[in-house]
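Here's the structure we're looking at; comments come further down.
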Amino acid sequence: MLQFVIGGLKSGAIYALVALGFTVVFAATGAINFAQGEFFMLGGMFAAFFVRLGLPLPLAAVSAILVTTAIGAAFELAAVRPIKDGD
């Protein structure tokens, strides 16, 4: 029973952090950015990929964060900033 409670709390905390991110982005920009959910999923997929390559889970998680951050920064520079500066 305790295992289910702890698992539920962990899942709830993850969903709460994603929802908080949506709220912060909406408050700052006035627009809902659904790409945040895509980057959340991308990080999980990279972590699973790195674990599949044989990396230990902590190293795979850090690697996934770094790769996802780099992709997000590149996306911001290539797509978001030109549109934002065009206004």
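The values are calculated or read from the model by the stated rules, or taken from the named source; none is laboratory data. Keep in mind that this is a model prediction, so the values were computed, not measured. Using ideal geometry, Cβ is built from the backbone for each residue, glycine included, and neighbour counts are taken over all protein chains shown.
If you go through the stretch 23-31 one residue at a time, do you hit one that is surrounded by 11 or more Cβ atoms within 10 Å (Cβ to Cβ), over 10 Å from the mean Cα position of the chain (by Cα) and in the same structural domain as Val80 (by TED's automatic domain parsing)? No - not one qualifying residue is present in the stretch 23-31. Could you say whether any residue in the stretch 44-66 is of a type outside the set (Asp, Glu), in a helix (DSSP H, G or I) and in contact (Cβ under 8 Å) with a residue 24 or more places away in the chain? No; the residues of the stretch 44-66 include none that is of a type outside the set (Asp, Glu), in a helix (DSSP H, G or I) and in contact (Cβ under 8 Å) with a residue 24 or more places away in the chain. Applying the condition of being of a type in the set (D, E, K, R) and under 27 Å from Ala31 (Cβ atoms) to the stretch 51-87 and asking which residue is surrounded by the fewest Cβ atoms within 10 Å (Cβ to Cβ) yields Asp87.
Among the residues that make up the stretch 42-49, is at least one of them over 21 Å from Ile14 (Cβ atoms) and aromatic (Phe, Trp, Tyr)? Within the stretch 42-49, not a single residue is over 21 Å from Ile14 (Cβ atoms) and aromatic (Phe, Trp, Tyr).
All told, Gly86 meets the bar of being at pLDDT below 90 and not assigned by TED's automatic domain parsing to the domain that holds Ala13.
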